[in-house]
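Trainee: One structure is given below, represented as structure tokens, and several questions about it will come after.
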Amino acid sequence: MFPWLLAFSCESWFTLYWGIIVNCKWNPVDFKTYPENVDKRFPDLPNVDMFVTTADPVLEPPIITVNTILSLLAVDYPAEKLACYVSDDGCSPLTFYSVVEASKFAKLWVPFCKKYNIQVRAPFRYFLGDSDQPSNANYKANSEFQQDWLKMKAEYEVLTRKIEEAARKPIPCDLTGEFADFSDVERRNHSTIVKIILEHKEINSDHVVPDLVYVSREKRPKQPHNYKAGAMNVLGRVSGVMTNAPFMLNVDCDMFVNNPQVVRHAMCQLLGCPSEEIAFVQYPQVFYGSPRDDPYGNQFVAVFHYIGRGITGTQGYFYAGTGCFHRRKVIYGLWPDDVDEAPKHTSINGKLVDETALRKEFGNCEEFINSAAQALKGKQGAFPKNLSNSLEAACEVASCNYEHGTSWGTKLGWIYGSTAEDLHTGLVIHNKGWNSTLHALEPPAFMGCAPSGGPEAMTQQKRWATGLSEILIGKNSPIFSTMTTNLQFRMRLAYLWILLWGLRSVPELLYATLPAYCILTNSRFLPKVEEGAIWIPIAIFVTYNLHNLREYLKIGLSVRAWWNNMRMGRIAATSAFLLGLFSVILKLLGISETVFEVTQKDQSSDGDDNNPTKFTFNKSALFVPGTTLVLLHLISLLALPLRLQSPFRGVQGVGLGELFCSLWVMLCFRPFLTGLFEKGKYGIPSSTIFKSAALATLFIHFCRS
Ligand SMILES: O=c1ccn([C@@H]2O[C@H](COP(=O)(O)OP(=O)(O)O[C@H]3O[C@H](CO)[C@@H](O)[C@H](O)[C@H]3O)[C@@H](O)[C@H]2O)c(=O)[nH]1
Ligand SMILES: [Mn+2]
């Protein structure tokens, strides 16, 4: 009876979850934008502030950040309308040095890109592959282009070399002059550093480079800094007092602009009809240089295609943290209803507000309050202006006490309390009734790195599961807020699809263990082979998988990609998601806080024995559940011939169904099976095997009693 009940509960869960997925995919939406028309309709294009966040010069090599910045500075949009803000949570002189050097190169690179209409404007991708010949077919024959190209390539090599050399030294450069602020700073204990690196004076020239500002917000050991959400809020305020553009683009340090037209495309959506309700435009995360067929199941191509476009058909896709254009006033807490008030009054959260109220919400900085009032009324910041005049205000709003007693991180800005601050912030926006869009461009708008390697990929998935579970049980949860928010019913289900990732680990793990339990205890949860009813689970299993496979093949993905994603889905759910759920339970019990672990960005291979598709392991607890599962199934399968005379006739004891399920689990966890016998990074460390063996023994003991 027990196995059957357990199987029934798991199956019910999977059915419910399947229903939620069908809801997500139901009406997919695509957009077609015509950026060439946007200039005609809106001759005075709005300003855009662009944000880049970086946190650690080792995990996120500055050359990657620098390329992202260069690609942003070079986008195809009037440069005098753009400003780029870099947040450095590592407070690293190396990062600052690299950005300063890059800004010198940008003065050559930006005009070059615009003159020859270069497609990929991140130099490390542009110069990739071609040895000493430009590959731009249009200009190949043009000798001027040839010369410029060679010069640019040489200059870029100088830049890379400088950054590499600086990285090798304990201190990248003399900490004098501009760099003096970095002498005796500690990463978690320092005051604010704001540096204006580039500031344009002229307008309407092909040689203008957008403004570039470096920000390292104040950090003190005892003050929570709220990870990326905290950094984004500081960027929001610093840009508010400096340039106050009505739109903000935010990218992670590894996400370069791959389609230089992207800002114009985004403006088509944000300025075009009836789109005042569109709060943000999200671009799919697309990854470069990742191994083929998505061996770690973290490239999400099919997810963006089916679920992403589907959710866009309801209230709009989620905010995914990078590659997203926000409306500043929405980030400042504006509700869709407030828009009508906009030009005359300032109103947030459905209420007209005066200056004292604004102070309460936004904090005590005169300049910022003024700029926020302007932004909420929908006025464009005055441009150009002298950025250095706002330096003092910028430092003030970047200090760690600034948010004390305000609504930052709770009602407005990037929302705190979850390591998935992106989903959380998007949810608070959708809760107010705003819409959003997901826009798949060809060529892709942005490209970034997906972590490769078992530990990196699993850590990332664990962080997501943690953050998502934190939102699920938090006060903005779509479950608890049914009455009080404007979230549409189907959007609520869509949020559940993602927020349930952590909880999903429980039924997945139980169901993956069940076949082993049945074999060990001679019980069953499936009908016998000779019973007609066996065809029901077989039919469901076959159609479900074939349908999934067809989805992959239809968008040009391979059978292997399908298999890898399916397999990694099981592995991540039973290990990373499970541990994510655990860390939230620990947080609830007040035992430990959840942390944002930054993912390693370096894509270069580290040795000759590197096989990027082969699963790697380390000592982390992340690999214990998977190893235990594999050991359990191994033991139960090995014990089979010893204890049973004729399992294959299915007359009594173990049935073929259970046996098949056990083999299927083993197939899904094959990387773990081979990991048991391998050495080095491809093998499971013996300490992990030991822990897992102990757990497996305990389980077998439980089966026996
Ligand atoms: O204290 C911190 C921690 C992180 N970051 C930045 O946050 C970004 C994302 O971090 P990363 O380690 O690359 O995380 P990913 O898992 O790749 O990021 C995905 O998931 C995150 C939420 O978990 C989102 O914030 C990201 O936008 C989304 O791309 C990077 O630019 C970091 O520099 C900070 O600025 N401060
Ligand atoms: Mn990332």
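Trainee: Under 20 Å Cα-Cα from residue 432, which lysines qualify once same-chain neighbours fewer than 8 residues away are excluded?
Mentor: Once the sequence-local lysines are set aside, what remains near residue 432 is 329, 351, 377, 411, 475.
Trainee: While we're looking at this one, here's another question. Residue 613 to residue 339: FRET efficiency via 1/(1 + (r/R0)^6), r the Cβ-Cβ distance, R0 60 Å, to the nearest 0.05? Intermediate results must be reported in sequence, preceding the final value.
Mentor: Details: r = 50 Å, r/R0 = 0.83.
Efficiency at R0 = 60 Å is approximately 0.75.
Trainee: How far, in degrees from 0 to 90, does helix 421-431 lean away from the longest principal axis of the Cα atoms of the chain, to the nearest 10?
Mentor: 80
Trainee: With an 8 Å cut-off on Cα pairs and a minimum separation of 6 or more residues, tell me the relative contact order of the chain in percent. Numbers along the way, then the final one.
Mentor: Working: 1198 pairs, mean separation 118.2, N = 705.
Rounded, it is 17 percent for the chain.
Trainee: Here's something else I'd like to know. Could you name the lysines in cross-link range of residue 201, using Cα to Cα under 20 Å and dropping any fewer than eight places away on the same chain?
Mentor: Excluding near neighbours in sequence, the set is 81, 104, 107, 114, 385.
Trainee: Still on this model: Helix 227-242 sits at what angle to the longest principal axis of the chain, using alpha carbons and giving 0 to 90 degrees rounded to 10?
Mentor: Roughly 20 degrees, rounded to the nearest 10.
Trainee: Another question about this same structure. Three principal axis extents, largest first, for the C-alpha atoms of segment 472-585, in Å?
Mentor: On the principal axes, segment 472-585 reaches 54, 41, 27 Å in Cα extent.
Trainee: A further question on this structure: Run the simple label-point estimate for residue 174 and residue 702 please: 7 Å along Cα→C-beta, distance reported in nm.
Mentor: Distance between the two pseudo-spin positions: 6.6 nm.
Trainee: Ranked by Cβ crowding within 10 angstrom, fewest neighbours first, how are 369, 684 ordered?
Mentor: Numbers: 369 19, 684 26.
By the 10 Å Cβ count, ascending: 369, 684.
Trainee: Another question, if that's okay. What is the fewest-to-most order of 459, 484, 410, 599 by other Cβ atoms lying within 10 Å of their Cβ?
Mentor: Working: 459 21, 484 10, 410 14, 599 18.
Fewest-to-most ranking of 459, 484, 410, 599: 484, 410, 599, 459.
Trainee: Between residue 1 and residue 566, what is the label-point separation in nm under the 7 Å Cα-to-beta-carbon projection?
Mentor: 3.5
Trainee: Next question. If you find the alpha carbon centre of segment 87-109 and of segment 292-340, how far apart are they in angstrom?
Mentor: 29
Trainee: Once both axes come from the Cα atoms, what is the angle between helix 489-499 and the longest principal axis of the chain, in degrees from 0 to 90, rounded to 10?
Mentor: For helix 489-499, the angle is close to 80 degrees.
Trainee: Of all alpha-carbon pairs in the chain, indicate the percentage at a distance above 39 angstrom.
Mentor: On the way: 93202 of 248160 pairs.
So the portion of pairs separated by more than 39 Å is 38 percent.
Trainee: Mind listing the Cα extents of segment 1-77 along all three principal axes, in Å, largest one first?
Mentor: Result, largest extent first: 69, 43, 15 Å.
Trainee: For residue 404 and residue 442, what is the calculated FRET efficiency with R₀ set at 41 Å and r taken between the beta-carbons, to the nearest 0.05?
Mentor: For residue 404 and residue 442, the calculated efficiency is 0.35.
Trainee: Same structure again: Give the share of C-alpha pairs in each 5 angstrom bin for segment 226-378, from 0 to the last occupied bin, in whole percents, shortest bins first.
Mentor: 2, 8, 15, 18, 19, 15, 10, 7, 4, 2, 1, 0
Trainee: Then there's this: How do 171, 471, 64, 196 line up, fewest other C-beta atoms within 10 Å first? Let's see the in-between values first.
Mentor: Numbers: 171 13, 471 26, 64 23, 196 16.
With the sparsest Cβ surroundings first, the list reads 171, 196, 64, 471.
Trainee: For residue 678 and residue 543 in the same chain, what is the full-extension length gain: residue separation times 0.36 nm, less their Cα-Cα distance, in nm? Let's see the in-between values first.
Mentor: On the way: separation 135, 0.36 × 135 = 48.60 nm, distance 3.56 nm.
Between residue 678 and residue 543, full extension yields 45.0 nm more.
Trainee: Quickly work out the residue 480-to-residue 506 label distance, labels modelled 7 Å from Cα along the C-beta direction, and quote it in nm with one decimal.
Mentor: Between residue 506 and residue 480, the label points sit 1.7 nm apart.
Trainee: So, one more: Applying 1/(1 + (r/R0)^6) with R0 = 25 Å to the Cβ-Cβ distance of residue 42 and residue 366, what FRET efficiency is obtained, to the nearest 0.05? Intermediate values should be presented prior to the final figure.
Mentor: Values: r = 32 Å, r/R0 = 1.27.
Efficiency computed from Cβ-Cβ geometry: 0.20.
Trainee: On a full-extension model of 0.36 nm per residue, what is the gain between residue 690 and residue 34, subtracting their alpha-carbon distance, rounded to one decimal in nm? Show your work: numbers first, answer last.
Mentor: Working: separation 656, 0.36 × 656 = 236.16 nm, distance 5.97 nm.
Residue separation times 0.36 nm, minus the Cα-Cα distance, leaves 230.2 nm.
Trainee: Show me the ranking of peptides 635-641, 205-211, 420-426 by mean Cβ neighbours inside 10 Å, starting with the highest.
Mentor: Numbers: 635-641: 15.1, 205-211: 18.0, 420-426: 26.0.
For the peptides 635-641, 205-211, 420-426, the packing ranking is 420-426, 205-211, 635-641.
Trainee: Along its three principal axes, how long is segment 542-604 when you only count alpha carbons? Whole Å, largest extent first please.
Mentor: Projected onto the principal axes, the Cα atoms of segment 542-604 cover 47, 36, 15 Å.
Trainee: Under 18 Å between alpha carbons, and skipping anything fewer than 8 positions from residue 619 in its own chain: which lysines qualify?
Mentor: 462, 679, 681, 691
Trainee: Got a sec? Which residues in segment 538-582 would a label at residue 663 touch, if it sits 7 Å along Cα→Cβ and we count backbone N under 17 Å?
Mentor: 538-539, 541-542
Read-outs: derived from the displayed coordinates by stated rules, not from any lab. Quick caveat, the model's predicted, so the values are computed rather than measured. Please note: Cβ atoms are built from the backbone with ideal geometry, for glycine as well, and neighbour counts cover all protein chains shown.
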